[in-house]
Amino acid sequence: MVRALEWIDEASALRIIDQTVLPTSECYFNITDVDALVEAIVSLAVRGAPALGATGAFGVVIAMNQAAAQGWDEARLQSEVDRIRNARPTAVNLAWGVDQARCLMAQGVGAVLARAKAVMAEDEAANRALSKLGADWILQRCGKPQVSVVTHCNTGALATAGWGTAYGIIHELFDRGALLLAYADETRPLLQGARLTGWELAQDGIPFVIEADGAASSTILNGRVDVAIIGADRIVANGDSANKVGSVALALACQRKGIPFIVAAPFSTVDLTIATGDEIAIEERDQKEVLEFATVRTSPAGAIGFNPAFDVTPHDLISAIVTERGVVEPSRPGSSLAGLAN
């Protein structure tokens, strides 16, 4: 299984695979300073909510090591940790991962590193557990021995500390002999579905096709799939879920067709401090990402780009939210995320 990130003890470095150059190149590099880490996060060299959680925790280690080497005072150290924490605003896991490690800084870098490693191990275990729960729920709900699925963006090992969330459910279905075909949306404008999910599906030998984002709704309405499965960057108290822009279109089509729309994420992605999706800060990225393709201008001179990285799917369009702690059906009375908190 590919690893999006791993800690190299002998180098005191976070080793990541550069996801901006996949699938044509498989490049790894070691990060030992805050500037390089923030750049890797912002450029999407490392991405995916659960992976960002582990990255944030290791980022505190990197900041502490750099502070010791360069003689930063406490104010500078805390400021650099804040830079990591705030590098991407929508994905709650990044801030969560930083906070998991930050609270141990007074105990020394060893304690912080141990917690960061635990965050990574716990994420993979959570992903494997939620994948089993999600596969069970889908097969029971669909009532078929085999299903076809559609997914959006990338939610596999590249987006997590290991295994995957929505992708992990697809992998679990495949391992059970219960998957007919996976439709992977290309995921404009940066093609995380075509480049990354396609690469992982090919690596894992899972049958798949890649489709344009604009084809996904008709794929659902034409009865080609039995279920849609996506990940999440933040799930709030009422079940509204932020994910890669384009997710809402799948949810609306699923509602129209009457098939399940599933959100899969570790419980660390749940933010019970926010009541509804209206309060989620949506990251807007560089307009060049939609005005250009591979650095080649594809739009008229003077055109202005609008590039929200995420959209929010209302909870009433979501059939089930799958975490390692259980499955919540937002429309079912008494089924709430708060009930999984303890």
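Of the residues making up the stretch 244-258, just one is without any contact (Cβ under 8 Å) to a residue 40 or more places away in the chain and assigned to a loop (DSSP other than H, G, I, E, B), namely 258.
Flag: residue 334 does not match the condition of being touching an Asp or Glu at 6+ places or on another chain (Cβ under 9 Å), more than 26 Å from residue 119 (Cβ to Cβ) and either without any contact (Cβ under 8 Å) to a residue 12 or more places away in the chain or surrounded by fewer than 16 Cβ atoms within 10 Å (Cβ to Cβ) (or both). Among the conditions (1) within 21 Å of residue 55 (Cβ to Cβ); (2) part of a loop (DSSP other than H, G, I, E, B); (3) modelled with pLDDT of 95 or more, residue 90 misses just one, which is (3). Go over the candidates 298, 276 one by one and state the one that is free of Cβ contacts under 8 Å to residues at least 12 places away in the same chain, loosely packed, with under 15 Cβ neighbours inside 10 Å and not hydrophobic (A, V, I, L, M, F, W, C). Being free of Cβ contacts under 8 Å to residues at least 12 places away in the same chain, loosely packed, with under 15 Cβ neighbours inside 10 Å and not hydrophobic (A, V, I, L, M, F, W, C) holds for just one of 298, 276, which is 298. Taking the stretch 177-233 as the region of interest, the strands (runs of 3 or more DSSP E) fully inside it that hold 3 or more residues being surrounded by fewer than 24 Cβ atoms within 10 Å (Cβ to Cβ) are 179-185, 208-211. Checking each residue in the stretch 297-319 for being in a loop (DSSP other than H, G, I, E, B) and either closer than 17 Å to residue 236 by Cα or of a type in the set (Lys, Arg) (or both) picks out 314, 318, 319. The set of residues from the stretch 276-312 being charged (D, E, K, R), under 26 Å from residue 86 (Cβ atoms) and over 19 Å from the mean Cα position of the chain (by Cα) comprises 278, 279, 286, 288, 289.
In a residue-by-residue description of the stretch 275-296, the property of being assigned to a loop (DSSP other than H, G, I, E, B), more than 25 Å from residue 39 (Cα to Cα) and of a type outside the set (Val, Ile, Thr) applies to at least one position. Checked against the criteria, residue 322 counts as modelled with pLDDT of 95 or more and either out of contact with any Pro (no Cβ under 7 Å at 6 or more places or on another chain) or in a loop (DSSP other than H, G, I, E, B) (or both).
Residue-wise test of (1) under 21 Å from the mean Cα position of the chain (by Cα); (2) free of Cβ contacts under 8 Å to residues at least 12 places away in the same chain; (3) under 13 Å from residue 33 (Cβ atoms); (4) surrounded by 16 or more Cβ atoms within 10 Å (Cβ to Cβ).
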residue: 59; (1), (2), (3), (4): yes, no, yes, yes
residue: 70; (1), (2), (3), (4): no, yes, yes, no
residue: 79; (1), (2), (3), (4): no, yes, no, no
residue: 92; (1), (2), (3), (4): yes, no, no, yes
residue: 98; (1), (2), (3), (4): yes, no, no, yes
residue: 103; (1), (2), (3), (4): no, yes, no, no
residue: 107; (1), (2), (3), (4): no, yes, no, no
residue: 110; (1), (2), (3), (4): no, yes, no, no
residue: 114; (1), (2), (3), (4): no, yes, no, no
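Yes or no: the stretch 67-75 includes at least one residue that is modelled with pLDDT of 95 or more, touching a Phe, Trp or Tyr at 6+ places or on another chain (Cβ under 7 Å) and not assigned by TED's automatic domain parsing to the domain that holds residue 232. So far as the stretch 67-75 goes, no, none of its residues is modelled with pLDDT of 95 or more, touching a Phe, Trp or Tyr at 6+ places or on another chain (Cβ under 7 Å) and not assigned by TED's automatic domain parsing to the domain that holds residue 232.
The values are calculated or read from the model by the stated rules, or taken from the named source; none is laboratory data. No experiment lies behind these values; they were computed from the predicted model shown. Glycine gets a Cβ as well: all are built from the backbone with ideal geometry, and neighbour counts include every protein chain shown.
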